[in-house]
Amino acid sequence: MLGSQRALFEIPEEIAYLNCSYMSPLLRSVREAGQQAVERKSQPWNIYTKDFFEDAEIARQLFAQLIEADADGVALIPSASYGIGVAVANLPLKQGQSIVVLAEQFPANVYPWREMAARCGATIETVERPENGDWTPVVLATINEQTGIVALPNCHWTDGSLIDLRQVSKRAHEVGAALVLDVTQSLGAYPFNLSEIRPDFLVAATYKWLLGPYSMGFLYVAPKYREGIPLEYTWIGREGSEDFSQLVNYRSGYQPGARRFDVGERSNFILLPMVIAALRQILTWQVPEINITLKALTAEIEREAVALGFLTVPAELRSGNIIGLRRAAGLPANLTSELMKRNVFVSVRGSSIRVSPHLYNTKEDIGRFFEALSLLISN
């Protein structure tokens, strides 16, 4: 288990920031990388042709290492919804088939499938939230011979309730359905092994548990789809694009692997160095160790919450980095704003207070949260 890493972040002692699922703070090293990148962009004569490619490849390789994949399968994207759009553009769906999603799933992994289903004459099968918090059996029961696509997270964004993707992947592949995953709310804080789960497409934005900047993300594409249709017909994704003098000689071929799916301005000279710095730190900590540490924090949160009369998903059914606190009597309408006045930061998503600590949090942060929360619900 890792000790407190608060010194690596810029969080004042009086701030109890338990809201990484909303947006992570930047590591000092990530901020410094961004500042250095801004300084370099202010002097573009110091940016060379190779710089359009080298950082992109470093980031691609680091992300591949994180999910235990091959770097050729990784594309650089600006958002999770962009990656889902690539999946929509390349997956077949027939009239009468269905797309499986969860109730209250994050909308970036719902709206595109609704549009696709309407266009193809297919249906959306929404798995309702189980009372015991165990999504996996009901997801498995929903997947059948009519299922064309299974579009899921690794854990539910409102409360961290976990889906066993190994079982879901096995069932999806048995019926010939594609598996599309948005792991933005777990990757970097919960272990993921691509060879065990075998998604067809996987997306993750960097600004949450990957501790990076906004407007960057990654897409993994399974080998069978790497010759597919990109959302943008970019110049940099073409073969031979490294030779700027020859860009007037248009090429029909692409760079190898999933690089054809890269966003057009993938060589973001400011954001990419920040992404690289964040990924290197996560890989140094190691995701299993991060998860063990966060499980200890959310277990402490669960103990305090239950003592106040809140309900939570059982620990064995949670990803460990997020916990949702529900209350039969409901939540005060002004809960988050009142907590903010006390320098305590959490989110309300659906009917849950979503608490999402990271390595910068301490037991003192948790104590301050519950001291403030108990006052609010007693009034």
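The values are calculated or read from the model by the stated rules, or taken from the named source; none is laboratory data. Only a predicted model underlies this, so the values are computations on that prediction, with no experimental measurement involved. Cβ: placed from backbone, ideal geometry, glycine included. Neighbour counts: every protein chain shown. These accessible areas exclude ligands, DNA and RNA; they are computed on the full protein's heavy atoms, side chains included. Shrake-Rupley method; radii C 1.70, N 1.55, O 1.52, S 1.80 Å.
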Of residues in the range 80-113 being of a type in the set (G, A, S) and open to solvent by 40 Å² or more (accessible area, probe 1.4 Å), the one nearest to D200 (Cα to Cα): A89
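Give me the helices (runs of 4 or more DSSP H) completely within the range 265-379, filtered to those with at least 3 residues that are open to solvent by less than 40 Å² (accessible area, probe 1.4 Å), in contact (Cβ under 8 Å) with a residue 40 or more places away in the chain and within 22 Å of A7 (Cβ to Cβ), ordered by residue number.
Numbers: elements: 271-285, 287-307, 335-341, 363-378.
Because the criterion is at least 3 residues that are open to solvent by less than 40 Å² (accessible area, probe 1.4 Å), in contact (Cβ under 8 Å) with a residue 40 or more places away in the chain and within 22 Å of A7 (Cβ to Cβ), the helices (runs of 4 or more DSSP H) in the range 265-379 that meet it are 271-285, 287-307, 363-378.
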task: Quick one: Q36 ticks every box in (1) buried (at least 16 other Cβ atoms within 10 Å of the Cβ); (2) at pLDDT 95 or above; (3) more than 24 Å from T147 (Cα to Cα) except a single one, so which number is it?
output: (1)
statement: Selection from the range 251-264 of residues hydroxyl-bearing (S, T, Y) and crowded, with 17+ Cβ neighbours inside 10 Å yields Y254
task: Say whether the condition of being open to solvent by less than 50 Å² (accessible area, probe 1.4 Å), under 23 Å from S81 (Cβ atoms) and over 21 Å from the mean Cα position of the chain (by Cα) is met by at least one residue in the range 241-250.
output: no
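Just to verify a result, which residue in the range 123-154, among those that are small (G, A, S) and either closer than 19 Å to I322 by Cβ or open to solvent by 20 Å² or more (accessible area, probe 1.4 Å) (or both), is modelled with the lowest pLDDT? Working first, answer last.
As a first pass, look at the range 123-154 and keep what is small (G, A, S): 133, 141, 148, 151.
From the residues that got through so far, the ones that are either closer than 19 Å to I322 by Cβ or open to solvent by 20 Å² or more (accessible area, probe 1.4 Å) (or both) too are 133, 141.
On the way: G133: 93, A141: 98.
Among residues in the range 123-154 that are small (G, A, S) and either closer than 19 Å to I322 by Cβ or open to solvent by 20 Å² or more (accessible area, probe 1.4 Å) (or both), the one modelled with the lowest pLDDT is G133.
Within the range 4-15, track down each residue that is surrounded by fewer than 12 Cβ atoms within 10 Å (Cβ to Cβ) and either within 22 Å of the chain's Cα centre (by Cα) or touching a residue at least 12 places away in the same chain (Cβ under 8 Å) (or both).
First, the residues of the range 4-15 that are surrounded by fewer than 12 Cβ atoms within 10 Å (Cβ to Cβ): 7, 12-14.
E14, the sole residue that qualifies.
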